Amino acid sequence: MEAVTRLAEPRASLLASAAAGDEAAFRRIIAENHDSMRRVAAHITGDLALAEEATQAAWLIAWKKLGNVRDEAHLQPWLVSVAANEAKRVLRKRRRRGEVEVAIDVTGEPSGFDPTTGISSMDLDAALDRLEPDDRALLAMRYVAGFDSNELAIAFGLSPSGTRKRLERLRQRLREELS
Amino acid sequence: MHDMEAFDSQLASVVLRRVGPSQPVDDAAIFNAVIAATRSRQWRFQPMFSATRFVVACAIVALFGGLLLTGALTQPTDESVPAVGASATAEAERSASVTAEPEPTMGLDVEPTTRSDLVAGVDLITEEVEPGVLRIIGDGAGHDLDERHPSDPYDLTSIAITPDGTIWLSAAYSFADDDVNPPGPLVWALGQPDVYTYTPEGGDPERLQTLVTDEDGTLLMVSDKDIVRFDGTGFVPDDRVARRLSTGHELWTIDPAQLAGLLEESLDTDEDMNAESVMNEPRRFLVAVWLWNGDAWTTLSEAGRSASASDGTRVAHCWIEGGIRCEDGAQVSTYLEATDIRQLVQAPDGSLWAIGDHADGGAGLYRISAEELLRDDRAASG
């Protein structure tokens, strides 16, 4: 019965409970968001270990600052944007130390040629490596976290139409580069 | 369109492959690590403080003891006695010139310094990042440019200076964590606690493009939909079709059909603006462009990539290139090399202000004095 009650608990209440220091509520937020945050961070850093470091740092910030998120609809975009910011920060730190960024290839799948687009996935992979971290963040939030333009707007501090345009321009740029 | 959809699908597939599959989340372990990190910071501080306190106390005792012994055993010579009227500071500087190690900071004033002579009535907290180049850290009115909100500092997007010397800044936030900085694009003046946003009736806060001043000294905020002006208490719609700016350029509100023709003719820009995106926009699309002496169009951001500094007789022309490059005829110098500078603007006192990044992650608001830009012995570089 208690489980049913908890499931029916309003989301805003979950946010408020977690912000007030409720361990169970915060753990539930972790369970629901950690994977998206880690994978978005991985796309930005190109390094799984750095992504884990960034995501862990993001949770520390979330633990301290969760009370500042007033709207539950903003929670996931906020968490992912904090993870993205931390990913960019650890990336900058590594670049300052002179370490070379390594492109990730998690699955090791062969990168094939797509006859519909006429573009090799290997070339597309290389083009993604050359993108700025902000652009990689945008693509990861769209395709990995599955954010719509409203959520992207929250995460990037732009208007929804501005976010749509930015995403469209990025896609267009990549398409033209690879054509 | 079909081709673009196929590309979108391929792009999604590659991005998902790059980040790997979803993995189970051990929320308990993550939570425990967060709590441990929080406690570890508190734990580290207390014992360290006790130990440090002991060491510092010993050092102070030893230092004073040493000074007392030295003073008791050494007779002052004539050379070490200050002349009548000589200040203690001058004496200290003289001693330092003999005994001090070479300055590791090349003479820069690296400690934050409060300056009240840069903007009238405002105490700015600054650090000297290069000779003659100051970075503004705070304005004493609640705007700490190094503070994070929550994880990034101010992301400065634009700067404008009104004829009275007020420095106006804009910043974008995804979120904010205090009452001083509301979420969304915000505008404020250095040294003034108020912040301003503009939300059209029934709409979202606009995406801010840039701040400019018109020839009357009125501050204008240009977004991708509107031009609004500051009336002293907030931003209100500005419905003029054309405005002459303080720089002498003209700022126009242009409808899509008109713009499409202009773009085909002579838009001189590398901005990501194209006729297709304008024409596809269903609502009225405002694009602000400058009329450049009737010869060429360029975007606001492109125009913000250059500025001039002047002392009334000489002029240094500066532009964004690998930092800030300035030329005054005889010399070319580079400032803030390798810093990502976004906009330059000239102040009424002849100095140059710039916004950009900062290596340590803080917001970059910089001021280069006119004296530095126009001095004869500037070290030429580049």
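Would you be so kind as to list the residues of segment A:121-143 that have their accessible area lowered by at least 50 Å² in the full protein complex compared with their chain by itself (1.4 Å probe)?
Those residues are A:Leu124, A:Tyr143.
So which residues of segment A:161-179 lose at least 50 Å² of accessible area, probe 1.4 Å, when you go from the chain by itself to every protein chain present?
At a threshold of 50 Å² (probe 1.4 Å), the residues of segment A:161-179 that become less exposed are A:Lys165, A:Arg169, A:Arg171, A:Arg175.
In whole percent, and with a 1.4 Å probe on the protein chains, what portion of the accessible area of segment A:17-92 is carbon and sulfur?
47 percent
How big a patch of accessible area, both sides summed and in Å² to the nearest 100, lies buried between B and A at a 1.4 Å probe?
Buried area between the two chains comes out at roughly 5300 Å².
Rank these residues by their accessible area, most exposed first, probe 1.4 Å: B:Arg305, A:Arg70, B:Arg243.
If we order B:Arg305, A:Arg70, B:Arg243 from most to least accessible, we get A:Arg70, B:Arg305, B:Arg243.
Calculate the FRET efficiency for A:Phe113 and A:Glu32 from the Cβ-Cβ distance with a Förster distance of 30 Å, rounded to the nearest 0.05.
Efficiency at R0 = 30 Å is approximately 0.20.
Of the listed pairs A:Lys64/A:Lys93; A:Lys64/A:Lys88; A:Lys93/A:Lys165, which have alpha-carbon separations greater than 27 Å here?
Values: A:Lys64/A:Lys93 23 Å; A:Lys64/A:Lys88 20 Å; A:Lys93/A:Lys165 30 Å.
From A:Lys64/A:Lys93; A:Lys64/A:Lys88; A:Lys93/A:Lys165, over 27 Å: A:Lys93/A:Lys165.
How much accessible surface does A:Asp71 have with a 1.4 Å probe, in Å² rounded to 10?
Surface accessible to solvent at A:Asp71 totals approximately 70 Å².
The values are calculated or read from the model by the stated rules, or taken from the named source; none is laboratory data. Just so it is clear, the structure is predicted and the values come from calculations on it, not from any experiment. So basically every Cβ, Gly included, is an ideal-geometry build from the backbone, and we count neighbours across all protein chains shown. These area figures cover heavy atoms from the full protein model, side chains too; ligands, DNA and RNA do not enter into them. Shrake-Rupley method; radii C 1.70, N 1.55, O 1.52, S 1.80 Å.
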